[in-house]
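The values are calculated or read from the model by the stated rules, or taken from the named source; none is laboratory data. Computed from a predicted model, the values in this text were never measured in an experiment. Every residue, glycine as well, gets a Cβ built from its backbone with ideal geometry; the counts of neighbours run over all protein chains shown. Just so you know, the surface numbers come from the protein's heavy atoms only, side chains and all, with ligands and any DNA or RNA stripped out. Shrake-Rupley method; radii C 1.70, N 1.55, O 1.52, S 1.80 Å.
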Amino acid sequence: MRAAAAVRPGEPLARVDTGAVADRVRALPGVARVAVTRSWPGTLRVAVTERTGVAVLPRGGATWLIDAGGVVFQRLAVRPSGVPRLSVAHAGPADPATRAALSALTALPPALARQVLVVAAPTPDSVTLTLTGSRTVMWGGSEESAAKARVLPAVLGRPGRHYDVSTPSVVTV
């Protein structure tokens, strides 16, 4: 981070372009947000919020972390356990299918999110969750995600392997 900030040691604090420092640090792949402030007479503070991976994405023979906003930001040597795989055609923050899939994943309560093995979205309106125990959940689109996440734990208590919460007021098993 210090190298990216590129502030020369001994540079007068008044001459430091805090906006440029923030831009350089923000360009680091794992940085979600950055704030640069001066504290007179001689301290420059750079506060960074790191990206948090919510899913892994296979791409080009490697495994990458992707955050809740759809930003692919870190190549992994080993796929971490307990992190679901994202399956979309064109992963990225501008891709509607990516946004829909990640919206479903991040709407889930933590205990249920840990059961997700794969979140797939061939289209923005056809998100499917593959869970442990050979169970699948047809989520549908990103609308009503909070209601879907609320009804899903109760529905999963019923015997079955395929659950449809795409219309949370009319759930099927």
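Side notes on the structure shown:
- Which numbered condition residue 135 misses (of (1) under 17 Å from residue 106 (Cα atoms); (2) open to solvent by less than 70 Å² (accessible area, probe 1.4 Å); (3) basic (Lys, Arg)): (1)
- With respect to the stated conditions, residue 159 fails to be within 30 Å of residue 27 (Cβ to Cβ), open to solvent by 10 Å² or more (accessible area, probe 1.4 Å) and not acidic (Asp, Glu).
- Within region 60-71, the set of residues being under 29 Å from residue 151 (Cα atoms) and assigned to a strand (DSSP E or B) comprises 65, 66, 67.
- Evaluation of residue 85 against (1) closer than 16 Å to residue 119 by Cα; (2) touching a strand residue (DSSP E or B) at 6+ places or on another chain (Cβ under 6 Å); (3) open to solvent by less than 60 Å² (accessible area, probe 1.4 Å) (one fails), failing number: (3)
- Qualifying residue in region 70-78 (condition: buried (at least 16 other Cβ atoms within 10 Å of the Cβ), in contact with a helix residue (DSSP H, G or I) (Cβ under 6 Å, 6 or more places away or on another chain) and on the phi > 0 side of the Ramachandran plot): yes
- Helices (runs of 4 or more DSSP H) within region 72-173 that include 3 or more residues in contact (Cβ under 8 Å) with a residue 12 or more places away in the chain and small (Gly, Ala, Ser): 96-107, 145-156
- Filter pass, residue 37 being in a strand (DSSP E or B), out of contact with any Gly (no Cβ under 9 Å at 6 or more places or on another chain) and closer than 28 Å to residue 88 by Cβ: no
- Within region 90-112, tally of residues that are open to solvent by 30 Å² or more (accessible area, probe 1.4 Å) and under 13 Å from residue 126 (Cα atoms): 3
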